[in-house]
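> Before I ask anything, let me first share the structure, which is written out below as C-alpha cells.
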Amino acid sequence: MAPTALYPTIFVIFGITGDLASRKLLPALLSLYSKRLLPKRFAIVGFSRRPFTREEFREFIRSKLNIRVGQFKEEDVKHFLDHIIYVQGLFDQPDSYKALANRLTEIDKSWGQCSNKLFHLSVPPDLYEGILHQIHDSKLALPCSDETGWTRILIEKPFGNNTKTAQQLDALLGKLFKESQIFRIDHYLAKEALQNILAFRFANSMFEPLWNANHIDRVHIKLFESIGMNGRGKFYDSLGAIRDVGQNHILMMLALIAMDKPDSFSATDIRNARSQVLRKLSSIPERHIHEKVVRGQYNGYISEEGVAAGSKTETYVRIEANVGLSRWKNVPFYLETGKAMAETKTEIDVYFKNTEDKKHEHDPVKQNILTFRIQPDEGIKIRFFVKTPGPGLITESKILKFKYSDVTSFGVMPDDYERLLNDVVTGDQTLFASTDEIMASWKFITPILEGWSKLTLKKYNKGSADVE
Ligand code: BG6
C-alpha cells in the first residue's frame, strides 16, 4: 500500500457506535495507524446519539475493537485511542452540526492548519438524505481553499433501493457536492483477490485470446455465507439478498470478469470499462423470470430477531444473466448468493468449452475450469487434463493451484477497509463505485424486483445447499 499523504486529516464518522464502525472502520484505522500509514496529525471524530463522557467513550471503543492478543502493541492502541474524540448529536438537528463544526475548528486551530476532512456515513441508508443536507447546509463540506483542506464524503452501499431511489440519491449528491468529493463504497472492490482478476487477465497473454463466447461456455459467480442474520435481521429484512449483495458485490465481480481491457489503468478508464459491461446486461423480461431467477428463504429466517412476521424477504437468489455484447453472446453468467448456506466461500468459476466430442452419453464432460477463489483461501485453480499413464489414451483431470497463503513473502492479506480508507485519503477513486456503474446495475436489478411476486419463495434448510 502506498504511504498515505501526510497532510493532517480528520475522519468524521457518523454512527460511530454502530456495527460497521466497530467491526470494520475502527480496526482498519487502528491497523493503518500501527503501520504508520495515517498522517502524523489525525483525529477520529465520532458523531452519534448516545451520551458518553470522553473516558466512557474511550472505554466503549476499546471494548468494541476486539483486538486479538499480540495483534497490536499496547502503546499503539493507547495512542490511537488518544486520537478519538466524541461529539454527541442528533442527525437531524442543525445545532448538533454547529457543535461538530466548532469541534473541527478547534482541532484545526490547535494544529495551526486547516486539515483535510472526511465524512463517513456509517448509518442506515434511510438517514443519508438528512445527514447529507445537514453536512452541506452547515458548510462542513466547504474546503478551506482550492489547495488545502479538502473535504470528502464516504457513503456505503446500498445506494438506493431501485433505479428511482438510486437516481434520487445521486441527484442529491450531485446537487450538494462535487463528484470528486464523493466516494461510494462497495468493499468487494477492495478485496485483493478481486483486484487480482484484472492483473491475472491482462498480465497473462494466454487467457485473453480465449476470453470470449467462442471458448467460454459459462461463468458461475458464488457468494455463499454460512452465517444467518447475526443480529442484523431488521436491516437485512428491508433489503434481501439481491439488494444486499446482488446489485453491488456480485455485479462488480461480473464486471471484472467480463470487461474489456481498459484504455489505461487509471481510475476513470477502469471504472468506465466496468460500467460498459454493466450497461450491457440484458434485462430479464417478466415472462422469462421463472426460468432465469430462483429465490429462496432459509427455514427459521422469520424467527430471527428483527425480521417481520411472515416476511417474504429472500435470503438466497440465483440469476442467469447475459451480457449483450458479441464477446459474450449466449454465455450465461450464473449469479448465486445465500445466507445460512453449507459453507462460506466466494468464488468465480469460468468454464471453458469442451474441445472433444463425447463418444458416449455417459462420458464425463471434459471442461477446463478456471476458478478465482476470492475468499477464504484466496487463490486461483485451473482444472486441466493429463494422460493416465499406461496403455491407451485415457485422460483424467488434475488441478494447478496457486494460494496466496503459500507465498510467505505476500504476508497477511490486506484488509478491505484499510485499502479503502487509504485510497480515500490519497484521492484514488478506482476501487469505489461510479454513479454510472450504480445506475447500470439498478437498471438490470429493478425489473427482477418488479417480477418478484411472480416467483415462488423456495425454502431451504440452514446449512444446506439445496434450494430447488
Ligand atoms: C455486506 C453485506 O455488504 O457484505 C453483508 O451487507 C455480507 O450481508 C457482507 O455479510 C459480506 O462481506 P465479506 O467481506 O464478509 O465477504
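The values are calculated or read from the model by the stated rules, or taken from the named source; none is laboratory data. Just so it is clear, the model here is predicted, and its values are computed rather than measured. Cβ coordinates were reconstructed from backbone atoms using ideal geometry, including for glycine residues, and neighbour counts include every protein chain displayed. Surface accessibility is based on the protein's heavy atoms, side chains included, excluding ligands, DNA and RNA. Shrake-Rupley method; radii C 1.70, N 1.55, O 1.52, S 1.80 Å.
> Pairs only if they're at least six apart or on different chains, beta carbon under 7 angstrom, first in region 173-190 and more than 14 Å from ASP436 (Cα to Cα), second more than 9 Å from the ligand (Cβ to nearest atom) and open to solvent by 20 Å² or more (accessible area, probe 1.4 Å); list them, first residue then second.
As it stands, the answer is LEU176/HIS136; GLN181/ARG152; ALA190/ARG419, since those pairs meet every condition given.
> Six or more apart or on different chains, Cβ under 6 Å: which pairs go from a residue in region 393-405 that's under 13 Å from ARG383 (Cβ atoms) to one that's loosely packed, with under 12 Cβ neighbours inside 10 Å? Could you list them?
Pairs found: THR395/LYS387; GLU396/THR388; LYS398/VAL386.
> Another one. Only residues that are within 22 Å of LYS366 (Cα to Cα) and either within 16 Å of the ligand (Cβ to nearest atom) or among the polar types (S, T, N, Q) (or both): list them for region 302-355, please.
The answer is ASN330, GLU347, ILE348, ASN354, THR355.
> Any residue in region 450-468 that is small (Gly, Ala, Ser) sitting within a Cβ distance under 8 Å of a residue that is at pLDDT below 95 and surrounded by fewer than 16 Cβ atoms within 10 Å (Cβ to Cβ)? List the pairs, counting only those 6 or more apart or interchain.
GLY451/GLU286
> Just to be sure I understand, how many residues within region 369-424 are over 22 Å from ILE348 (Cβ atoms), open to solvent by 80 Å² or more (accessible area, probe 1.4 Å) and of a type outside the set (A, V, I, L, M)?
Residues meeting the conditions: 5.
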